[in-house]
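To start, the structure itself, in structure tokens.
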Amino acid sequence: MSLLEVDDVVVRFGGVTAVDHASFAAEQGRVTGLIGPNGAGKTTCFDVISGLRRPTTGRVGFDGRDVTAISVHRRARRGMGRTFQRLEAFGSLSVADNVRAAVDIHRGLTGIAVPWRRSRTAQVGALLDRVGLSAYAADRADAIPTGIARLLELARCLAADPALLLLDEPSSGLNESETEAFGRLLRDLAAEGKGILMVEHDMDLVMSVCDEIHVLDFGSVIASGTPSHIRDNPAVQRAYLGQADTGQVA
Amino acid sequence: MGSVVSFTILGLFTGAAYAIAASGLVLTYTTTRVFNIAHGALGMVMSFVFWDFSQRQGMPVWLALVLVLGVVAPATGWAIQRFVTRGLGDGPVSVALVVTVGLLVGCIGLATQVWPPATRVLPPFFNGSGFQVASTYVTAHQLITVLLAGVVALLLYLLLTKTQIGTAMRASVDNPELLRLFGGKPDRVAGMAWAIGTSLAALGGILLTPVIGLSYYDLTLLVINAYAAAMLGRLRSLPLTLAGAMGLGILQSFAVAYLPSDGLLSGIRSAMPALFLFAVIVLTPQAQLRIGQVKGVVSAPLPSRAKQLGAGAGLLTLVALLATSLPDDALLLVGTAATYAMVMLSLVLLTGYGGHVSLAQFTFAGVGALVYAKLGEPTLSGLVVAALVAAAVGAIVAVPVLRLTGLYLALSTLAFGLLMDKMIFQAEFAFGTNNSLQAERLSILGTSFSSLGGYVLIMTVFLVLMALVLLALRRGALGRLLIAMRDSPAACGTLGLDTRWFRVGLFALSAGMAGFAGGLFAGMRGTIGASDFQVLSSLPLLLLAVVFGVTSVTGAVLGGVGLTLLPVLQSSNPAFAGLIFAVVGFGAVALGRDPNGLANRLFTLGRTLRPRLPAARRTADVPEPDEVTEEVPAHVAS
Ligand SMILES: Nc1ncnc2c1ncn2[C@@H]1O[C@H](COP(=O)(O)OP(=O)(O)OP(=O)(O)O)[C@@H](O)[C@H]1O
Ligand SMILES: [Mg+2]
């Protein structure tokens with residue numbers, strides 16, 4: 001039984017079929033990559049998994065249960081966390097307050113109106129530290145570089161200590177050394193037992209940190225397997241060659 | 001049997017007129033994503049213009065019609081799109097709502113100024129002549145209306161499917177960027193849509209005027225009917241909108257025919273659109289959380305605690321001085337200003353912090369006042385019960401629209417306010433018909449504040465307390481979450497927040513604050529009535545709150561004073577009463593894009609005027625320990 005099971009999911013937007021009978025899984029304690037050319041339907045898959053979009057047909061299983069009909073926040077409460085490709089940081093709050101808000105949400109709303117409730121500064125500090133954002137704690141979240149804002153979204157997710165992390169292009173905007181550190185963080189999180197499903201265009205990162213990779217093209221899974229298996233797969237190479245500008249499979 | 005037929009025909013006629021107006025609303029909304037609350041108000045102004053041309057100036061009816069529908073209305077619509085609403089569709093919904101509410105109020109003010117209240121009659125086409133069909137008399141006016149609805153539907157269909165600009169209109173619904181990419185001109189498309197939309201509003205108004213009368217308010221409120229009809233198609237589908245309009249017209253006509261004309265049900269006729277709307281909303285499927293955050297939201301700085309306390313003490317001292325020196329009629333104004341300021345504080349929470357708009361905040365105040373007066377328990381606990389009931393009512397309004405987003409919530413409050421106005425407040429069991437429900441002054445712990453001066457002072461104490469509590473909430477976890485929700489509901493949802501119930505809670509809290517103010521107000525006045533809490537007075541309330549700054553307590557207090565002085569100003573300059581109203585409306589149109597309002601300009605002015613600090617202090621530039629500054633340049637979609 002996998003932590004996450006996407007089962008025969010179809011999403012249609014009017015005439016466009018963004019996800020076409022896609023099935024794949026992600027395991028606990030492992031980093032799973034979800035790759036594919038632009039417009040392959042990766043983000044749409046994430047929307048379906050996290051509950052922001054109802055699939056036209058198909059089912060999503062999480063932690064042994066069918067969550068297809070369950071609302072966004074219930075899935076989150078059951079241990080799903082996600083970041084967004086198009087940033088969704090709380091722009092008018094500081095970086096620290098972004099994380100603090102996530103901690104508040106995680107602790108439940110009873111008592112949010114109590115002004116003297118403890119603000120758990122230490123917990124917030126630890127989370128920022130973990131993703132390497134301490135230096136930005138006081139900055140407004142809409143004033144920090146994109147790459148940093150992605151890390152902020154990750155820190156926010158971690159506040160809820162989720163079992164599954166859905167990361168949508170988390171490393172875009174990071175420089176080389178930041179990306180390296182980020183890769184190590186992912187491995188650490190997986191070692192702690194978290195499942196990670198990551199959409200990523202940086203093939204070096206994908207090949208170095210993922211345990212397993214699923215390749216999506218025109219909404220369908222065209223290949224699944226270990227990094228070396230995917231690297232040598234002719235169908236994958238063809239899918240990427242059809243794309244003018246999105247990197248090459250390394 | 002004959003009566004069924006004649007009521008059906010009447011229903012078809014009103015339905016057809018609604019359909020015409022509603023399709024204009026859908027057209028403007030889908031092409032620009034700006035919901036024009038002033039749609040009915042524009043129809044109202046155009047109906048007056050038509051009356052002016054055809055009756056006062058004596059033009060032939062056809063010429064007046066051609067001039068209004070072909071020239072005045074489209075030009076107005078185009079100009080509004082060009083100079084008022086352009087770009088609003090990309091910004092926060094609350095800003096677009098405030099600006100179009102400003103337009104609505106401005107239209108009413110303009111109409112009252114140009115055509116002061118008087119009896120005006122607009123005869124139906126062909127002076128009401130018609131023909132007998134079996135046992136029913138059908139007027140030419142009715143027939144023309146139904147035919148026109150068919151013609152409008154056909155023309156719109158042809159326009160949208162067979163012409164280039166129509167295709168562009170449909171494309172801009174889905175993706176204005178895409179449209180621009182393919183060489184379309186979104187601005188021209190939007191201008192065209194607004195020109196046609198306003199013409200349709202005008203036509204709808206002109207057709208209905210012989211039936212409902214040339215009234216500033218009734219024609220303005222037609223937007224609710226149009227909205228109710230359009231909601232059947234989720235503001236997008238024209239065929240469903242037509243079906244909704246026809247259904248609404250027939251339902252309304254049957255309500256007149258078959259429901260008792262007294263008691264609770266008597267209000268149903270005028271409340272029918274609102275009821276219809278609630279039914280449609282309850283049946284509407286779940287909306288998805290919006291992804292893609294609203295950019296450029298700015299908050300006013302939070303004052304430090306010392307400043308808060310200082311300002312509170314200052315206000316209390318001022319009112320204490322006034323309480324001992326002013327005559328009673330002036331003191332009543334001070335108390336009214338305190339009430340309005342408290343109601344505006346409820347908007348600071350809901351709109352300023354939370355980003356949601358309520359168009360019926362006075363209705364909640366009315367609920368509080370009603371409960372306080374009926375309870376006959378003039379103590380703190382009576383006041384608290386009044387606030388709690390208002391909060392519960394607020395939650396009840398928000399629950400049916402749980403599944404929908406900002407715009408629908410705001411419009412539903414307007415429908416709700418109308419419903420309360422027509423069905424509850426004016427009823428015998430509530431305020432009664434002659435504005436004379438008695439309420440006693442409050443006493444706290446056995447001390448009765450029976451003198452007006454003392455009462456006004458205690459109201460101010462409550463105002464200050466409410467403001468301090470609000471600021472404490474803003475500073476704490478709740479404030480953080482409010483901002484988080486405003487910036488990204490999708491992220492809040494994926495972090496585990498039940499965004500729908502959070503919104504209901506917010507709405508209830510805000511309604512409770514307004515209800516509290518209403519209860520206090522009832523105690524001060526001694527006698528109150530339905531006219532004190534009319535739904536339409538909630539609109540200037542919102543506008544002045546935004547103009548003075550709906551993100552800060554200072555703005556609320558200034559706005560409260562402003563709203564109190566408005567009628568005073570009007571009654572001392574009766575010749576310009578309409579103009580003053582229009583200035584408020586159009587002022588909000590001009591300033592509505594910056595929710596921080598005049599209050600924030602005062603703050604920034606204060607900061608720039610502060611003596612230039614020595615360089616050492618400026619480089620350090622540490623904000624006062626608990627002074628949270630949160631300002632960045634305001635770029636609310638321009
Ligand atoms: N809301 C929507 N309405 C209509 N079509 C959409 C919508 N969202 C996505 N699509 C379409 O669905 C397809 C898949 O989009 P999606 O964003 O899931 O791709 P992706 O794999 O995440 O691409 P990228 O690598 O560029 O992020 C695309 O063709 C896109 O145009
Ligand atoms: Mg994507």
* Residue in the range A:157-178 that is nearest to ligand 2 (Cβ to nearest atom), counting only those that are more than 18 Å from A:GLY29 (Cα to Cα) and open to solvent by 30 Å² or more (accessible area, probe 1.4 Å) -> A:SER172
* To do: Answer yes if at least one residue in the range B:407-420 is in contact with a Leu (Cβ under 6 Å, 6 or more places away or on another chain), in the same structural domain as B:SER488 (by TED's automatic domain parsing), open to solvent by 10 Å² or more (accessible area, probe 1.4 Å) and not in a loop (DSSP other than H, G, I, E, B), and no otherwise.
  => no
* Structure fact -> Picked from the range A:135-147 (must be open to solvent by 10 Å² or more (accessible area, probe 1.4 Å) and touching a residue at least 40 places away in the same chain (Cβ under 8 Å)), the residue nearest to B:ALA491 (Cα to Cα) is A:ASP142
* **Of all residues making up the range A:21-39, the number that are open to solvent by 20 Å² or more (accessible area, probe 1.4 Å) and either more than 16 Å from ligand 2 (Cβ to nearest atom) or of a type in the set (S, T, N, Q) (or both)** => 8
* Starting from the range A:206-228, keep only residues that are away from chain B (no Cβ under 14 Å) and on the phi > 0 side of the Ramachandran plot, then list their pairs with residues that are within 16 Å of ligand 2 (Cβ to nearest atom) and open to solvent by less than 30 Å² (accessible area, probe 1.4 Å) whose Cβ atoms are within a distance under 6 Å, requiring at least 6 positions of separation or different chains. => A:GLY219/A:ALA18; A:GLY219/A:VAL19; A:GLY219/A:GLY41
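One line per residue, one yes/no per condition, for (1) within 17 Å of the chain's Cα centre (by Cα); (2) assigned to a helix (DSSP H, G or I); (3) under 29 Å from B:GLY406 (Cβ atoms):
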site	(1), (2), (3)
B:ALA64	no, yes, no
B:VAL68	no, yes, no
B:VAL72	no, yes, no
B:THR76	no, yes, yes
B:ARG82	no, yes, yes
B:LEU97	yes, yes, yes
B:VAL101	yes, yes, yes
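Suppose we filter B:LEU375, B:LEU383 for residues that are more than 24 Å from B:GLY89 (Cβ to Cβ) and buried (at least 24 other Cβ atoms within 10 Å of the Cβ); which single one remains?
On the way: B:LEU375 fails: buried (at least 24 other Cβ atoms within 10 Å of the Cβ).
The match here is B:LEU383.
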* the range B:366-392 residues that are closer than 17 Å to B:ALA430 by Cα and not assigned by TED's automatic domain parsing to the domain that holds B:LEU520, paired with ones that are open to solvent by 10 Å² or more (accessible area, probe 1.4 Å) and not in a helix (DSSP H, G or I) (beta carbon under 6 Å, 6 or more apart) -> none
* Hey, does the range B:513-523 have a residue that's open to solvent by 10 Å² or more (accessible area, probe 1.4 Å), within 11 Å of chain A (Cβ to nearest Cβ) and not aliphatic (A, V, I, L, M)? -> no
* **Set A:ARG82, A:ARG74, A:ARG78, A:ARG117: member being within 7 Å of another protein chain (Cβ to nearest Cβ) and either surrounded by 24 or more Cβ atoms within 10 Å (Cβ to Cβ) or modelled with pLDDT of 90 or more (or both)** => A:ARG82
* Answer residue from the range B:91-115, given it is within 15 Å of B:TYR217 (Cβ to Cβ) and of a type outside the set (Val, Ile, Thr) and is most open to solvent (accessible area, probe 1.4 Å) among those -> B:LEU110
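Are any of the residues in the range A:204-223 more than 28 Å from A:VAL19 (Cα to Cα) and away from ligand 1 (no atom under 13 Å from the Cβ)? Break it down stepwise before answering.
Taking the range A:204-223 and keeping what is more than 28 Å from A:VAL19 (Cα to Cα), we get none.
No, every residue in the range A:204-223 fails to be more than 28 Å from A:VAL19 (Cα to Cα) and away from ligand 1 (no atom under 13 Å from the Cβ).
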* Determine whether B:LEU481 is open to solvent by less than 20 Å² (accessible area, probe 1.4 Å) and part of a helix (DSSP H, G or I). => yes
* Structure fact -> Among (1) assigned to a helix (DSSP H, G or I); (2) closer than 20 Å to A:SER94 by Cβ; (3) of a type in the set (A, V, I, L, M, F, W, C), B:LEU497 falls short only on (1)
* To do: Please state which one of B:MET466, B:MET485 is within 28 Å of B:LEU536 (Cβ to Cβ) and in the same structural domain as B:ALA313 (by TED's automatic domain parsing).
  => B:MET466
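Taking the condition within 16 Å of ligand 2 (Cβ to nearest atom), acidic (Asp, Glu), open to solvent by 30 Å² or more (accessible area, probe 1.4 Å) and not assigned by TED's automatic domain parsing to the domain that holds A:ALA135, does A:ASP202 pass?
Values: within 16 Å of ligand 2 (Cβ to nearest atom): yes; acidic (Asp, Glu): yes; open to solvent by 30 Å² or more (accessible area, probe 1.4 Å): yes; not assigned by TED's automatic domain parsing to the domain that holds A:ALA135: yes.
Considered against the rule, which asks whether it is within 16 Å of ligand 2 (Cβ to nearest atom), acidic (Asp, Glu), open to solvent by 30 Å² or more (accessible area, probe 1.4 Å) and not assigned by TED's automatic domain parsing to the domain that holds A:ALA135, A:ASP202 comes out as yes.
Give the residues of the range A:1-32 that are within 13 Å of ligand 1 (Cβ to nearest atom) and in contact (Cβ under 8 Å) with a residue 24 or more places away in the chain, sorted by residue number.
Residues of the range A:1-32 within 13 Å of ligand 1 (Cβ to nearest atom): A:9-20, A:22.
If the condition is that a residue be within 13 Å of ligand 1 (Cβ to nearest atom) and in contact (Cβ under 8 Å) with a residue 24 or more places away in the chain, then A:VAL9, A:VAL10, A:VAL11, A:ARG12, A:THR17, A:ALA18, A:VAL19, A:ASP20, A:ALA22 are the ones that fit.
Would you say A:ASP7 is away from ligand 2 (no atom under 16 Å from the Cβ) and either among the hydrophobic types (A, V, I, L, M, F, W, C) or over 20 Å from A:VAL215 (Cα atoms) (or both)? Give the steps one after another, and end with the answer.
Details: away from ligand 2 (no atom under 16 Å from the Cβ): yes; either among the hydrophobic types (A, V, I, L, M, F, W, C) or over 20 Å from A:VAL215 (Cα atoms) (or both): no.
It is false that A:ASP7 is away from ligand 2 (no atom under 16 Å from the Cβ) and either among the hydrophobic types (A, V, I, L, M, F, W, C) or over 20 Å from A:VAL215 (Cα atoms) (or both).
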* Listing of helices (runs of 4 or more DSSP H) fully contained in the range B:506-609 that carry 3 or more residues being under 18 Å from the mean Cα position of the chain (by Cα) -> B:538-548, B:553-572, B:577-591
* **Checklist (1) away from chain B (no Cβ under 11 Å); (2) under 27 Å from B:LEU471 (Cβ atoms); (3) part of a loop (DSSP other than H, G, I, E, B); (4) not polar (S, T, N, Q) applied to A:GLY91, failing item** => (1)
* Failed condition for A:SER50, given (1) farther than 19 Å from A:HIS201 by Cβ; (2) away from ligand 2 (no atom under 16 Å from the Cβ); (3) touching a residue at least 60 places away in the same chain (Cβ under 8 Å) -> (2)
* Residues satisfying the stated conditions in the range B:240-255, i.e. open to solvent by 10 Å² or more (accessible area, probe 1.4 Å) and at pLDDT 90 or above -> B:LEU240, B:LEU242, B:ALA243, B:MET246, B:GLY247, B:ILE250, B:LEU251
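Residues checked against (1) surrounded by fewer than 22 Cβ atoms within 10 Å (Cβ to Cβ); (2) of a type in the set (S, T, N, Q); (3) modelled with pLDDT of 90 or more:
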| residue | (1), (2), (3) |
| --- | --- |
| B:PHE429 | yes, no, no |
| B:ASN434 | yes, yes, no |
| B:GLN438 | yes, yes, no |
| B:THR447 | yes, yes, no |
| B:PHE462 | yes, no, yes |
| B:LEU468 | yes, no, yes |
| B:ARG474 | no, no, no |
| B:ALA477 | no, no, no |
| B:PRO489 | no, no, no |
* Structure fact -> A:THR43 vs (1) polar (S, T, N, Q); (2) away from every other protein chain (no Cβ under 14 Å); (3) within 11 Å of ligand 2 (Cβ to nearest atom): all pass except (2)
* Structure fact -> The strands (runs of 3 or more DSSP E) lying wholly within the range A:121-234 that contain at least 3 residues that are within 26 Å of A:ARG78 (Cβ to Cβ) are A:164-168, A:195-199, A:212-217
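Report, by residue number, each residue of the range A:43-63 that is within 15 Å of ligand 1 (Cβ to nearest atom) and open to solvent by less than 10 Å² (accessible area, probe 1.4 Å).
So the first thing to find is which residues in the range A:43-63 are within 15 Å of ligand 1 (Cβ to nearest atom), and the list is A:43-50, A:52-56, A:58.
Matches in the range A:43-63: A:CYS45, A:PHE46, A:VAL48, A:ILE49, A:SER50, A:LEU52.
The values are calculated or read from the model by the stated rules, or taken from the named source; none is laboratory data. Because the structure is predicted, anything quoted here is derived from the model rather than measured. Virtual Cβ from ideal backbone geometry, glycine too; neighbours counted across all protein chains shown. Keep in mind that these areas ignore ligands, DNA and RNA; they rest on the heavy atoms of the full protein, side chains included. Shrake-Rupley method; radii C 1.70, N 1.55, O 1.52, S 1.80 Å.
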